[in-house]
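Engineer: Take this structure, written in structure tokens, and hold onto it; I'll ask about it next.
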Amino acid sequence: MKKRVAIVGGGITGACAARRLKAGAGTAIEVHLFDQGRRGVGGRTSSRSYQQRDGAYQSSTGKECYVGAACTSHSTKLRFDHGCQFFRADTPEFKRLAKEWIDKKYVAEWKGDFRSSGSATEDRHREFFGLPSSPPFYVAVDGMQSLPRNILSELESSSDTASGEGTTSSSSVVVRVHCGVRVAQMERDASTERHLLGGDNQAGFDAVILTDVSSSFGAWHRASAGVPEGFARRVRDRVGARVPLMTAMVAFERPTGVPFDAASFDHPVAWFAARTGSKPGMDTGRECWTVVSTPEYAMDRIEETPMQDPETGEFVPQTPGYLESVPGPDLLRAFEEAVCDKEGILGEEGALASLPEACFVDAQRWGSALPCHRHLRDNSEDVRTSTRRVLLGVPYDSTMHSLAPTQDEEDGASRSFVADDELALYQAGDMVSCYTPGMEGAALSGMDAADHVLARLNER
């Protein structure tokens, strides 16, 4: 019987896990990847584009967003990376993978005027993933979300080719991607020992790789996958606290005059900002910026406007009205302060008088943007009182620690994923990885989990 593996989540962890399963299988395997994203696969490697129609900018989902009085054009397309901004390749394996993506034109080196200010210059713990001190930096051509899309599209296309040829070798490993599908329940068939995930997938799966840490949340969270509580508890214990972030997507009618392309800031609200048009393949009609908040700011906003209803415990989705009226304007204001303050990143002589009026503002809340660093996962009193808060039962941490280079932070003492071989259930991603938080750690975790699953399936 052909082995069947399910991957829940289509971010970079899920895409790299699927890629490794296809490349490393010694026998035919059927891989099904499920992603609930409304805008397709991508996870935290997300990008958005907006087109102005009837006086309002609309995303691909039809959501209308704030348009200021300054906007006049009805044909301008706005583009943003509003999740992962870029990545580096620090480990030998990921360097090889990055080169492969560059050769395929999926990825290009991002070159530009990169800066930092204040303590972000003196203390690399405050640098945003090593920018600017640790180049080279890479981005996906045509937006960060295009990378997992291209990886998975290639896997599906090669699966169709192999199926058409009728081959049965490892090259015939079939990968199928199911977009807009939420896995909300999980049940193991006692007779076949296969996982049943509901819906049309009653054939079951011999192993399940979860890549979204929210899969192990309770039923209140919209990403909950109904994971067995014992396994979910192990995942939550491994994660410890999560680091939240918020991002603002801002477009200006006129050029801002900001001389740099990206910067790490020493500011209580804004941690990082990047100009969309400086990234390969991301030219836009207007000057567009993504501004990333500090963890402390995001934690304050989550405490102020919780992700759960305090009485019912139900998930509270982020609403356009809130995002466009609170974090969006806050981050825009912080960006302006950073470039207009004479003691800011541009100094007394270079500081701008003001920014032009923003013609577009939107925002995103990332409740689980990053894991806190491994050495901060204990429950010691000093950690809990200085940077950690538990909000409606979910621990958050605002510590800003070094995010470059990517390395094994536990010196080989633990795996980069959580495994229950008896249940054939696995959790991958940087939230549980032993590697430094970020895209590289997430990808390595997905590949490591896939290798382990293949080894286990071959033993059966």
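Engineer: Relative to the first principal axis of the alpha-carbon coordinates of the chain, what is the inclination of helix 92-103, with its axis defined by its Cα atoms, in degrees from 0 to 90 and to the nearest 10?
Structural biologist: 70
Engineer: R0 = 35 Å: FRET efficiency of K2 with A413, Cβ-based, nearest 0.05?
Structural biologist: 0.45
Engineer: Moving on to the next point. Applying a 10 Å radius around every beta-carbon, put 179-190, 288-299 in order of their mean neighbour count, most first.
Structural biologist: Sorting 179-190, 288-299 by mean packing, highest first, produces 288-299, 179-190.
Engineer: Taking only Cα atoms, what is the 0 to 90° angle, nearest 10, from helix 229-239's long axis to the longest principal axis of the chain?
Structural biologist: The answer is roughly 40 degrees.
Engineer: For the chain, take the alpha-carbon Rg, divide it by the Kirkwood Rh, and send me Rg/Rh.
Structural biologist: Working: Rg = 21.9 Å, Rh = 22.7 Å.
Answer for the chain: 0.97.
Engineer: What are the ³J(HN,Hα) values, in whole Hz, obtained from phi via the Karplus relation 6.51 cos²θ - 1.76 cosθ + 1.60 with θ = phi - 60°, for each residue of the range 445-453 in sequence order, with x given for Gly and Pro?
Structural biologist: Each residue's phi maps through the Karplus curve to give 4, x, 5, 4, 5, 5, 4, 5, 4 Hz.
Engineer: Quick check on packing: order 8-21, 26-39 by the mean number of other C-beta atoms within 10 Å, highest mean leading. The partial results should precede the final answer.
Structural biologist: On the way: 8-21: 28.6, 26-39: 19.4.
Highest to lowest by the protection proxy: 8-21, 26-39.
Engineer: Another question, then. Counting pairs of alpha carbon atoms under 8 Å apart in space and at least six apart in sequence, what relative contact order in percent does the chain give? Don't jump to the answer; show the numbers that get you there.
Structural biologist: Details: 1036 pairs, mean separation 100.7, N = 460.
Value for the chain: 22 percent.
Engineer: Per 0.36 nm of contour for each residue apart, how much would the distance between R39 and D451 grow if the chain were fully extended, relative to their Cα-Cα spacing?
Structural biologist: Fully extending the segment from R39 to D451 adds 145.4 nm.
Engineer: Still on this model: Collect residues whose amide H, placed 1.01 Å from N in the peptide plane, falls under 5 Å from the amide H of A363; neighbours closer than 5 in sequence don't count.
Structural biologist: Long-range HN contacts for A363: M249.
Engineer: Given R₀ = 22 Å, what would the calculated FRET efficiency be for L392 paired with A56, taking r from the Cβ atoms and rounding to 0.05?
Structural biologist: Calculated value: 0.05.
Engineer: Let me ask something else about it. Could you pull out every one of the lysines with an alpha carbon less than 22 Å from that of K95, ignoring same-chain neighbours closer than 8 positions?
Structural biologist: Cα-Cα hits under 22 Å: K22, K104, K105, K111, K279.
Engineer: How much FRET efficiency would the formula 1/(1 + (r/R0)^6) give for A108 and C179, where r is the Cβ-Cβ distance and R0 is 25 Å, rounded to 0.05?
Structural biologist: 0.45
Values quoted throughout were computed directly from the atomic coordinates according to the rules given, and no laboratory measurement underlies them. Here the structure is a predicted model, which is why all the values come from computation and not from measurement. Note that each Cβ is placed from the backbone with ideal geometry, even for glycine, and that neighbours are counted across all protein chains shown.
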